[in-house]
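Shown next, in structure tokens, is the structure this report addresses.
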Amino acid sequence: MSLPKIATPKYTLTVPSNGKQIEFRPFLVKEEKLLLLAQETKESKEITKAISEVIKSCTFEKISLDELTNFDLEYIFLKLRAKSVGEVAEVSVKCKHCEASNDIEINLDEVEVIKKEDLPKKIMLTDTVGIIPRYISASIMNVNVSDNANDMFSLYIRSVIESIFDENDVYPISNTSREELDEFIDSLNREQMSKIEAVINNAPKLEKEVKFKCIKCKKDNTYVLSGAESFF
């Protein structure tokens with residue numbers, strides 16, 4: 001005789017980058033084990049890989065990392081966590097006056113993706129040469145790269161370029177070799193590179209403003225928590 005099946009509730013969310021609605025379910029014990037094992041390694045790559053696998057399973061394998069930005073990935077996981085473990089998370093925040101740690105409760109359903117400015121349609125590097133930018137794809141989180149800061153920086157810069165254009169043609173990065181792209185990036189000056197870096201720095205982020213009175217010095221604090229790591 002087969003054991004009974006336990007029904008799992010379904011929810012919907014809107015993907016921040018494209019407005020697409022997707023269904024998801026809370027993560028189950030099997031996915032929680034996967035996350036715990038990854039956390040025990042203390043390796044960011046393993047944790048990101050586990051999060052990606054959990055999101056894939058909990059969205060019924062109907063969404064690909066290639067369709068998501070990195071802030072989509074963080075937002076979806078935050079919503080999964082809220083429906084799986086609870087909407088309230090406790091985070092530790094240091095007082096800006098006396099640096100005492102304060103435990104603050106955050107309602108994860110109130111955390112949203114904040115967009116500072118729209119993604120530019122194009123970025124001119126010279127009078128005739130420019131790039132078509134894009135937000136960093138969630139798929140690069142699973143790319144094997146060293147922990148070297150320069151390697152990570154190069155990966156991010158390559159990832160935000162969708163295509164390069166001049167007065168004659170458009171050159172999609174998908175048709176460009178890694179060597180050619182690196183040579184193009186290395187030829188940029190500081191001002192030109194800063195324009196590309198701005199796409200990364202101004203990308204939408206998970207944010208929540210919190211206000212609290214320090215338990216030690218009793219002074220008021222206002223903080224803006226930013227990025228998924230701030231809420232766990």
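In a Gaussian network model over the chain where Cα atoms closer than 10 Å are linked, find which of Val85, Val54, Val160 has the largest mean-square fluctuation. Greatest mean-square fluctuation among the candidates belongs to Val85. A dipole drawn for the chain from +1 and -1 charges on Cβ atoms has a positive end, and of Ile185, Phe165, Val93 the residue lying farthest that way is Val93.
Per-residue 3J(HN,Hα) values for the stretch 165-182, derived from phi via the Karplus relation 6.51 cos²θ - 1.76 cosθ + 1.60 with θ = phi - 60°, read 9, 9, 5, 9, 7, 10, 10, x, 5, 4, 9, 10, 6, 4, 5, 5, 5, 4 Hz in sequence order (x marks Gly and Pro).
Placing a label point 7 Å from the Cα of Leu188 along the Cα-to-Cβ direction, the residues of the stretch 86-123 whose backbone N falls under 14 Å from that point are 120, 122-123. Using a 4.7 Å Cβ-Cβ cutoff, the cysteines of the chain lacking any partner cysteine are Cys58.
Couplings 3J(HN,Hα) of the stretch 87-96, computed from phi: 6, 9, 10, 9, 10, 9, 10, 7, 5, 6 Hz, in residue order, whole Hz [Karplus 6.51 cos²θ - 1.76 cosθ + 1.60, θ = phi - 60°; x for Gly and Pro]. Among Cys58, Cys98, the ranking by other beta carbons within 10 Å of each residue's beta carbon, starting with the fewest, stands as Cys98, Cys58.
Rounded to the nearest 10 degrees, the angle from helix 190-201 to the longest Cα principal axis of the chain is 30 degrees. Loop-located GluC sites (Glu not before Pro) in the stretch 128-232 (DSSP state other than H, G, I, E, B) with a sparse environment of at most 16 neighbouring Cβ atoms within 10 Å: Glu167. Site pair Arg178 and Phe153 shows an inter-label distance of 1.9 nm when each label is modelled 7 Å from Cα along Cα→Cβ. Using the Cα coordinates of the stretch 71-132, the gyration tensor eigenvalues translate into equivalent-ellipsoid semi-axes of 37, 20, 8 Å, sorted from longest to shortest. Restricting the calculation to Cα atoms, the stretch 1-86 yields a radius of gyration followed by a Dmax of 13.5, 47 Å.
Here is the list for the stretch 1-91: GluC sites (Glu not before Pro) lying in DSSP coil, each with at most 11 other C-beta atoms within 10 angstrom of its C-beta, are Glu61. What angle do you read, to the nearest 10 degrees and between 0 and 90, between the alpha-carbon axis of helix 29-41 and the longest principal axis of the chain? Once rounded, the angle reads 60 degrees.
Distance between the modelled labels on Ser44 and Lys218, one decimal in nanometres: 4.1 nm (7 Å Cα→Cβ projection). Legend: translational diffusion of the stretch 123-201 by Stokes-Einstein, Rh = Kirkwood radius over C-alpha pairs, 25 °C, 0.890 mPa s; D = 187 µm²/s.
In terms of its Cα atoms, the chain spans 63, 62, 33 Å along the principal axes, sorted from long to short. Between the amide H of Leu206 and those of Ile114, Gly227, Ala228, distances stay under 5 Å, these residues lying 5 or more places away or on another chain, with hydrogens modeled in the peptide plane.
Computed from the coordinates by the stated procedures, all read-outs in this text should not be read as laboratory data. Keep in mind that what you see is a predicted model, and the values were worked out from it rather than measured. Virtual Cβ from ideal backbone geometry, glycine too; neighbours counted across all protein chains shown.
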